[in-house]
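The values are calculated or read from the model by the stated rules, or taken from the named source; none is laboratory data. Just so you know, these numbers come straight off a predicted model, no measurement behind them. In this analysis, Cβ positions are derived from the backbone assuming ideal geometry, glycine residues included, and neighbour counts consider all displayed protein chains.
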Amino acid sequence: MKALQLLLVNLLLLSIPLFGQKKNADYRLQLKKSNTAIIVDGSINDVGWEQAQVAKDFHMILPMDTSLAKVKTEVRMTYDDNFLYLIAVCYHSEPGPYIVESLRRDFSFGKNDNFLLFMDPFDDQTNGFSFGANAAGAQWDGLMYDGGSVDLSWDNKWTSEVKNYEDRWVFEAAIPFKTIRYKKGITEWGINFSRLDLKAGEKSSWTPVPRQFPSASLAYTGTLVWDQPPPTVGGNVSIIPYALGGVSRDFNNDLDTDYRGEVGVDAKVAITSSLNLDLTVNPDFSQVEVDQQVTNLDRFELFFPERRQFFLENGDLFANFGYQNIRPFFSRRIGLGVPIRFGARLSGKVNKNWRIGVMNMQTGKVEETGLPAQNFAVAAVQRRVFARSNIGLIVVDKESLNYTPSDDPQMPEYSQYNRNIGLEYNLASSNNLWTGKALYLRSFSPEERENNVVHAANLNYESRKLSLRWQHEYVGEGYTAEVGYVPRRNYIKLNPEAEYRFFPDNSSVVSHGPTISSTYFFNHAFEQTDNESYLAYNVVFQNRSNMSAWVAHNYVQLLQAFDPTNSSGDTLATFSEHHWNAWGTEYESTPNSLFTYSFSTRYGGYFADGKRLNLTTEMGYRFQPYVSISLRASYNNILLPEPWNRNEFWLLGPRLDVTMTNKLFFTAFMQYNQQLDNINLNTRLQWRYQPASDLFIVYTDNYFPEPFGVRNRALVLKFTYWWNV
């Protein structure tokens with residue numbers, strides 16, 4: 001009851017003025033159907049473009065948001081019965097070649113001259129699609145969520161062409177109506193266009209966007225006005241089969257070579273133009289890029305994001321429920337070391353105000369560990385309220401099928417079921433200055449557990465000069481989320497934070513200012529167990545480089561035994577108390593150069609009156625547009641009393657990206673992790689022989705560093721084909 005009362009208080013705190021007209025409602029681009037064919041070749045000579053209205057006079061976002069853009073950009077759009085077309089003419093501001101990282105798809109935004117389209121088919125300023133390209137022709141596409149974030153893991157079928165001229169580069173695209181989701185009959189879509197020109201050091205957009213927000217912010221879109229309702233797609237079914245062959249061997253355990261041959265299929269069925277059914281049978285994700293490793297000195301489980309394509313479309317309905325460290329649903333729990341047999345997901349928009357998502361996945365059993373076949377189900381519904389806010393409900397269920405615990409004490413025991421139900425309110429004001437969330441969760445398991453609830457809330461204010469943030473969390477001791485990510489339980493957390501920015505005139509510095517933050521953890525008796533107080537000073541330069549320096553004080557009372565090196569097995573005692581101070585610096589170079597770099601330092605105290613030095617750097621060089629080389633390195637030197645003494649951990653990650661064309665890519669990525677005593681090599685060749693259809697060759701090795709030897713290796717050949725029925 002107290003938890004529900006506190007949730008109601010949080011809702012009242014978040015109930016600030018939320019109504020208001022769309023900020024850039026006066027920016028309207030009229031869209032007319034083309035009566036002639038559009039050929040996607042990077043040329044503006046087609047007759048259809050002569051009849052299209054021009055979006056121009058872009059507004060500068062960075063380095064300042066107080067004037068029109070210096071670089072000139074002109075955009076036109078049209079459509080026919082099957083495609084939505086766009087052409088962007090991006091003029092150069094000064095002589096010299098464009099700046100790009102490579103031809104790699106879904107490139108790093110800040111390291112490439114690029115043009116992006118942000119499209120909100122429901123004009124709800126919350127969800128949408130993004131398409132674009134860099135100046136060399138590499139494509140970018142992603143799903144938009146949370147009013148301004150883009151998930152680049154989404155991949156779909158569309159075509160584009162970039163052509164370079166002496167004074168400009170031109171991006172032309174054809175987006176099939178079958179690729180995007182929209183509601184029949186809606187004739188006004190949210191729309192904005194973003195341009196990044198690194199030579200000029202300028203980011204701009206068609207509509208004015210305050211510099212503290214990304215150009216992707218859907219709160220600041222203009223309006224795409226159709227001359228008639230968009231075409232009805234009709235039958236929209238895509239079948240995506242795959243065939244795979246592979247060979248692997250575990251040298252560490254001296255096992256025989258294992259050969260595999262598999263087939264599977266995905267399907268996409270448009271129930272309506274805005275509601276999609278995804279099906280999968282025997283999916284395989286061997287082509288997914290490996291996780292970037294980190295030196296783990298944390299007391300709790302680390303988080304690695306989902307990369308598997310099937311879980312991504314409208315995945316924010318499930319994955320964004322909760323907070324960074326309070327997630328009732330985390331899709332990487334599904335298929336963790338076990339085969340996924342089949343799955344289905346229904347997701348999308350019912351209308352402008354309602355979104356739904358329902359997913360069901362079935363995994364197979366594993367005889368060696370006694371793990372039974374399991375079913376994972378999650379359902380979420382979201383209702384838009386006020387201008388851009390929403391209320392969401394989620395239900396998560398994990399069931400072990402036909403499971404009886406083994407009598408063998410050596411076999412692990414698994415739960416019969418685990419369920420979660422949650423309610424949250426997401427605040428987003430019409431001008432995006434106020435954002436926040438109020439959350440309530442409860443779990444259910446066969447063993448009745450007390451204190452099995454979570455409630456949390458945050459409120460953020462983000463103006464041009466001042467940022468204020470408040471967050472609190474309460475996680476009960478009995479709360480469990482077996483299909484979620486909740487690394488810590490049984491705590492109360494309070495986190496206030498403030499940041500201020502100064503904008504000097506006529507200076508090489510764009511902005512500078514302090515950030516102050518304090519994070520407190522308490523047990524349920526409200527006795528403090530952790531605190532980090534943090535003060536930083538941040539500087540952003542005209543050339544888009546930035547630096548900061550910080551100092552921090554930490555206090556930790558260990559609630560369980562902990563190895564401060566996460567490698568030796570020796571532990572510090574439960575309830576032991578630790579204090580230390582530390583300082584550090586961070587710097588990121590200008591993205592304009594072919595050679596880019598960043599570094600961070602940290603020096604100060606550590607557990608058990610120890611000392612810790614951390615040096616991290618990332619360097620990259622591009623032979624544009626075909627080759628990009630980078631190196632990420634991290635060094636930790638930890639001095640502790642006996643039995644740990646001195647510990648040194650290196651983490652090295654060189655990477656090579658070769659993009660022969662914007663359809664043929666080769667990536668080689670090596671990681672040496674001294675803490676794990678492992679060297680990992682992953683190489684991947686990808687040939688996109690037609691839109692959304694690929695051939696992958698993936699080779700993976702793991703080695704012992706000393707003495708050098710092979711742990712295991714694998715080679716996989718995978719073929720996928722996207723077939724529109």
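Among the residues of region 587-637, write down those that are of a type in the set (Phe, Trp, Tyr) and within 30 Å of residue 137 (Cβ to Cβ). Within region 587-637, 595, 597, 621, 623, 626 meet the criteria.
Return a yes/no flag: does region 83-93 have any residue that is in the same structural domain as residue 201 (by TED's automatic domain parsing), more than 19 Å from the chain's Cα centre (by Cα), surrounded by fewer than 21 Cβ atoms within 10 Å (Cβ to Cβ) and not in a strand (DSSP E or B). Yes, some residue in region 83-93 is in the same structural domain as residue 201 (by TED's automatic domain parsing), more than 19 Å from the chain's Cα centre (by Cα), surrounded by fewer than 21 Cβ atoms within 10 Å (Cβ to Cβ) and not in a strand (DSSP E or B). Among the residues of region 585-599, those identified as surrounded by fewer than 17 Cβ atoms within 10 Å (Cβ to Cβ), at pLDDT 95 or above and either in contact with a Phe, Trp or Tyr (Cβ under 7 Å, 6 or more places away or on another chain) or under 13 Å from residue 636 (Cβ atoms) (or both) are 587, 599.
If I ask for residues that are over 30 Å from residue 467 (Cβ atoms), among the hydrophobic types (A, V, I, L, M, F, W, C) and modelled with pLDDT of 90 or more, which ones from region 404-441 would you list? Across region 404-441, the qualifying residue is only 421.
Return a yes/no flag: does region 561-573 have any residue that is modelled with pLDDT of 95 or more, in contact with a Ser or Thr (Cβ under 6 Å, 6 or more places away or on another chain) and farther than 23 Å from residue 298 by Cα. No, that holds for no residue. Annotation note: of 534, 485, the sole residue that is in contact (Cβ under 8 Å) with a residue 24 or more places away in the chain and not β-branched (Val, Ile, Thr) is 485. Among the residues examined, residue 685 does not qualify as under 27 Å from the mean Cα position of the chain (by Cα), buried (at least 16 other Cβ atoms within 10 Å of the Cβ) and farther than 23 Å from residue 138 by Cα.
With the requirement that a residue be within 22 Å of residue 568 (Cβ to Cβ), touching a Ser or Thr at 6+ places or on another chain (Cβ under 8 Å) and small (Gly, Ala, Ser), what does region 609-658 give you? The one that is within 22 Å of residue 568 (Cβ to Cβ), touching a Ser or Thr at 6+ places or on another chain (Cβ under 8 Å) and small (Gly, Ala, Ser): 634. Considering only residues of region 333-362 that are in contact with a Phe, Trp or Tyr (Cβ under 7 Å, 6 or more places away or on another chain) and over 15 Å from residue 399 (Cβ atoms), which is surrounded by the most Cβ atoms within 10 Å (Cβ to Cβ)? Only one residue fits best here, namely 349. Residues of region 32-60 that are in contact with a strand residue (DSSP E or B) (Cβ under 7 Å, 6 or more places away or on another chain), surrounded by fewer than 14 Cβ atoms within 10 Å (Cβ to Cβ) and over 16 Å from residue 169 (Cα atoms): 54, 57. Residues in region 319-332 that are surrounded by 24 or more Cβ atoms within 10 Å (Cβ to Cβ) and in contact with a Pro (Cβ under 9 Å, 6 or more places away or on another chain): 321, 322. Only one entry in 633, 668 is more than 16 Å from residue 294 (Cβ to Cβ), modelled with pLDDT of 95 or more and among the hydrophobic types (A, V, I, L, M, F, W, C), namely 668.
Residues that are part of a loop (DSSP other than H, G, I, E, B) and polar (S, T, N, Q) were ranked within region 221-237; the one that is surrounded by the fewest Cβ atoms within 10 Å (Cβ to Cβ) is 228. Residue 550 fulfils the conditions (1) buried (at least 17 other Cβ atoms within 10 Å of the Cβ); (2) farther than 23 Å from residue 496 by Cα; (3) aromatic (Phe, Trp, Tyr) except for a single criterion, (2).
With respect to the conditions (1) in a strand (DSSP E or B); (2) buried (at least 20 other Cβ atoms within 10 Å of the Cβ), residue 124 lacks only one, and its number is (1). Considering region 373-476, the qualifying strands (runs of 3 or more DSSP E), each wholly inside and each with 1 or more residues that are crowded, with 19+ Cβ neighbours inside 10 Å and not assigned by TED's automatic domain parsing to the domain that holds residue 363, run over 466-475. Do we have residue 295 as within 30 Å of residue 613 (Cβ to Cβ) and in contact with a Leu (Cβ under 9 Å, 6 or more places away or on another chain) here? The answer is yes for residue 295.
Within the option set 103, 116, being of a type in the set (A, V, I, L, M, F, W, C), within 29 Å of residue 392 (Cβ to Cβ) and not assigned by TED's automatic domain parsing to the domain that holds residue 388 holds for one residue only, 116.
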